[in-house]
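The values are calculated or read from the model by the stated rules, or taken from the named source; none is laboratory data. These numbers were taken from a predicted model, which means no experiment stands behind them. All Cβ positions, even for glycine, are placed from backbone atoms using ideal geometry, and neighbour counts span all protein chains on display. Ligands, DNA and RNA are excluded from the accessible area calculation, which covers all protein heavy atoms including side chains. Shrake-Rupley method; radii C 1.70, N 1.55, O 1.52, S 1.80 Å.
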Amino acid sequence: MRQGSRLDRTPTAQPASAAPATATWHHAPALAARVSLSDRPVLCASVHWDSGEAVLGAADHAAHVLCVRRGVRTRTLHTKTSGHKEWVTAVAHLLDGRVATGGQDSAVWLWPAGGTSGRTAQPTLLDGHAGPVSQLAAVPAAGATGALLSAGYDKRLLLWACGSGGCAARQQQSLAGHRAPVLQLAVAGSCSASGDRDGAVLRFDLAAAAPLGKPLAAHAGHCTALEWLGGGSSLLSGGQDGVVRQWDCRQGGADPAAASAAHASPQGRGAVGSIAPLPGSALVATAGVDCRVCGLDSRQGLQPAWTARLPDYPYSLAAAPGGDTILVGCGDGSILALEAGSGSERWRVATKATAVRTLHASDGTLLAGCDDGSAVLYAGS
């Protein structure tokens, strides 16, 4: 694990915090900072915009905390007595700023909030999974103190009551029903959706710890993407079969309300890598291993509105605030911005890194986590 952190700035770069609050992503952003976190790939990330903190999990067994306003690393979530023994595969912020990390070592750790402060509370090991942890999600319906939902290769979801203030937590529920390792997780209010390696999708009412409707035989092959629409009234799933399906969760039935073979090849094979609903719009962006991004209309049976060709494999996808720009991180280290209405390219920047694994955008700041272990910050205009 690399303990040092190198910060490189261009002479003309503006710090991310200098960007106006109304900044958009219609024009190419300025490089604000490049921070070397590790000599291993960044695998996952979570951003708590209210506190200006990002946490990036890496293959070096650590999670690295970054102040996005100053472009500096403030701490490393790994010590001699606490932290993961394998890759960090999932990261999530609770509503109050505490951080949860999950790893290939089957462990979930809960860390105190704060940058260089907040270390009086000791991290807590949440021991419950019997296989690698694939996903973590905060449960906002639990209130300000929050709860945490974890998904694992042991085919289970675990709901953790995280209390308030410190890092005390307890396992509240174990949600079973999957017959294969759980790969995907999405939470909306008190509803969760989870997808597994067999292509099945299960929905749960977390408050009642009860299933919502029947299991969905959603995809042939792995379930590779899940996103809620309409605050939990509708669910979008993507699979290894290249198909995107929409499920009306108010009906509770096992048949999709709509489907689109957006990324399927003529032989019926493909994979949907990411799904990003656009705020304030019926359009949904999807990215696939076919090196394309598609704009699908969720109110018109997932009919394709446009298709955009990419220079390389899309590792990450995000809808910019406002919903009129789609951001894509590619395997060649480039970040593209697409106009949401047409799919036309607004701009393209080179991170000068390898694959862009994670992308997060606010009104003024864009954060990319890369395969070379770096975090790259851009300021909008």
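Considering only residues in the range 84-111 that are touching a residue at least 40 places away in the same chain (Cβ under 8 Å), part of a loop (DSSP other than H, G, I, E, B) and open to solvent by less than 10 Å² (accessible area, probe 1.4 Å), the one that is farthest from Ala161 (Cα to Cα) turns out to be Gly97.
Being open to solvent by less than 10 Å² (accessible area, probe 1.4 Å), out of contact with any Asp or Glu (no Cβ under 8 Å at 6 or more places or on another chain) and either in contact (Cβ under 8 Å) with a residue 24 or more places away in the chain or not aliphatic (A, V, I, L, M) (or both) is a property that Ser174 lacks. From the residues in the range 218-277 that are open to solvent by less than 10 Å² (accessible area, probe 1.4 Å) and of a type outside the set (A, V, I, L, M), which one is nearest to Val293 (Cα to Cα)? Result: His263.
For the range 7-57, the set of residues classified as within 23 Å of Gly114 (Cβ to Cβ) and modelled with pLDDT under 50 consists of Leu7, Pro15, Ala16, Ser17, listed by residue number. For the range 296-311, the set of residues classified as under 15 Å from Leu338 (Cα atoms) and either not in a strand (DSSP E or B) or not aromatic (Phe, Trp, Tyr) (or both) consists of Leu296, Ala305, Thr307, Ala308, Arg309, Leu310, Pro311, listed by residue number.
For the range 213-288, the strands (runs of 3 or more DSSP E) that sit wholly inside it and include 1 or more residues that are modelled with pLDDT of 90 or more and farther than 18 Å from Ala318 by Cα are 223-229, 234-239, 244-248, 258-260. Spot the failing condition for Thr79; the list is (1) within 21 Å of Asp371 (Cβ to Cβ); (2) open to solvent by 10 Å² or more (accessible area, probe 1.4 Å), and only one is missed. Every condition holds for Thr79 apart from (1).
Within the range 352-381, the residues that satisfy the criterion of being modelled with pLDDT of 95 or more and β-branched (Val, Ile, Thr) are Val356, Thr358, Thr365, Val376.
In the range 29-44, of all residues being in a strand (DSSP E or B) and either open to solvent by 20 Å² or more (accessible area, probe 1.4 Å) or without any contact (Cβ under 8 Å) to a residue 60 or more places away in the chain (or both), the one that is farthest from Gly333 (Cα to Cα) corresponds to Ala30.
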